[in-house]
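Working notes for the structure below.
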Amino acid sequence: MSFLEMKGLKKTFGAQTVVHDFDLSVERGEFVTFLGPSGCGKTTLLRMVAGFETPTEGRIRIDGRDVTDLAPNARKIGMVFQAYALFPNMTVADNVAFGLKVAGRPKAEIAARVEEMLSLIKLGHLGPRYPYQLSGGQQQRVALARALAVKPQVLLLDEPLSALDAKIRLSLRGEIRDLQRKLGITAIFVTHDQEEALSMSDRIVVLNEGRAEQVGTPFEIYNQPRTRFAASFIGTLGLLEGEVSGPGRMRVDGQEIETPEVAAAQGAKLTLALRPEALSLRPSPEQTNRLSGRVEDVDFLGSVVRMRVSFGSNRLLLDAFNNPAAPPPTRGEAVTIHFAPGDGRLLDAPIEPEMAAA
């Protein structure tokens with residue numbers, strides 16, 4: 001039996017359904033991320049697990065115990081919010097101790113646990129300070145310590161890094177993941193940031209309009225998307241529109257390429273999705289597909305150079321490592337791109353442009 005089970009969850013607000021028949025099993029010690037755009041239902045799901053929202057239908061179990069109808073403080077849940085939610089009139093130490101005091105733990109036990117948690121987040125010297133005397137990153141560490149101090153069975157994190165600047169966000173996501181692994185705690189993390197989800201998670205749940213589009217490891221979600229939304233929402237995606245020219249073949253702006261087999265009649269319209277890193281200006285033996293086009297734009301991104309190449313009505317993005325000894329092509333230059341037939345994912349209809357530029 002899985003440690004955390006969500007079975008048949010549905011949530012409606014009036015006539016609007018924001019979560020549809022959601023099922024998920026989470027193993028003990030697993031780090032699972034709910035990923036999706038605003039309004040997709042990810043925070044509502046988290047709040048149902050926490051007990052702040054009651055499912056319209058479905059059940060939630062933690063370690064075999066049905067907690068669906070229990071109050072939040074009876075679920076053994078720790079929660080970290082986006083806006084820190086620290087008590088401004090309490091010191092750092094008192095904030096961390098708050099849940100333990102509410103639970104009526106002995107003073108000596110509370111003091112030892114607070115010292116342990118502050119040491120764990122490397123802020124042991126800041127116990128006497130107040131939240132306003134801390135940076136945003138430090139406040140979020142304190143919020144994390146407060147959530148963990150009560151030894152919860154499940155840790156819930158509701159976009160805890162979105163209010164921080166990029167450098168601190170990058171550092172803190174590594175710290176959160178390290179702490180989670182060290183403590184072996186089961187965690188659910190909510191974010192709309194693809195990079196956070198891909199770098200931190202054991203598994204990702206891609207959500208769209210209250211439904212799970214795909215559940216899988218970061219590798220599976222990125223490389224083997226199962227739905228059009230998952231393919232377009234995760235990472236940067238290039239699209240080729242064309243038509244079937246024969247078994248396992250597709251014609252794109254007068255040029256023919258090999259594709260995975262598809263059950264479609266000759267002349268049927270196809271969309272092939274390609275990641276920028278799958279394309280190359282210099283072919284390898286397996287990259288038997290080739291398309292000739294022109295460079296529309298070149299973006300220097302440091303270690304990576306991103307080129308936009310057009311082929312008549314189609315365009316693709318190509319990523320190449322920066323090589324100081326070999327400058328990239330310039331705008332307007334004719335180039336040939338190469339990729340393997342298996343690098344593309346066939347889609348059944350065009351993706352909306354705003355979705356493709358994830």
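Here are a few things to note about the model shown:
- Answer residue from the stretch 67-116, given it is in contact with a Phe, Trp or Tyr (Cβ under 7 Å, 6 or more places away or on another chain) and polar (S, T, N, Q) and is surrounded by the fewest Cβ atoms within 10 Å (Cβ to Cβ) among those: T91
- Residue match in the stretch 55-64 (condition: of a type in the set (S, T, N, Q), at pLDDT 95 or above and loosely packed, with under 15 Cβ neighbours inside 10 Å): yes
- Tally of residues being closer than 21 Å to L237 by Cα and either modelled with pLDDT of 95 or more or of a type in the set (D, E) (or both) across the stretch 319-338: 5
- Of the residues making up the stretch 31-42, those that are surrounded by 19 or more Cβ atoms within 10 Å (Cβ to Cβ) and either among the polar types (S, T, N, Q) or assigned to a loop (DSSP other than H, G, I, E, B) (or both) are T33, G36, C40, G41.
- Taken across the stretch 152-165, residues that are open to solvent by 10 Å² or more (accessible area, probe 1.4 Å) and more than 21 Å from T44 (Cα to Cα) do occur, with at least one present.
- Filtered by the rule that a residue be assigned to a loop (DSSP other than H, G, I, E, B), open to solvent by 40 Å² or more (accessible area, probe 1.4 Å) and over 24 Å from S135 (Cβ atoms), the stretch 185-218 gives D202, E209, T217.
- Residue match in the stretch 71-84 (condition: closer than 20 Å to S25 by Cα, out of contact with any Ser or Thr (no Cβ under 8 Å at 6 or more places or on another chain), basic (K, R) and not in a helix (DSSP H, G or I)): yes
- Residues (open to solvent by less than 40 Å² (accessible area, probe 1.4 Å) and either in contact with a helix residue (DSSP H, G or I) (Cβ under 9 Å, 6 or more places away or on another chain) or among the aliphatic types (A, V, I, L, M) (or both)) located in the stretch 272-285: L272, A273, L274, R275, A278, L279
- Of the residues screened, G242 is one that is in contact with a strand residue (DSSP E or B) (Cβ under 7 Å, 6 or more places away or on another chain) and not in a helix (DSSP H, G or I).
- Within the stretch 249-263, being part of a strand (DSSP E or B) and open to solvent by 50 Å² or more (accessible area, probe 1.4 Å) holds for R249, R251, E256, E258.
The values are calculated or read from the model by the stated rules, or taken from the named source; none is laboratory data. None of the values given here were measured: they were computed from a predicted structure. Every residue, glycine among them, receives a Cβ derived from its backbone with ideal geometry; neighbour counts consider all protein chains shown. For accessibility, only protein heavy atoms count, side chains too; no ligands or nucleic acids. Shrake-Rupley method; radii C 1.70, N 1.55, O 1.52, S 1.80 Å.
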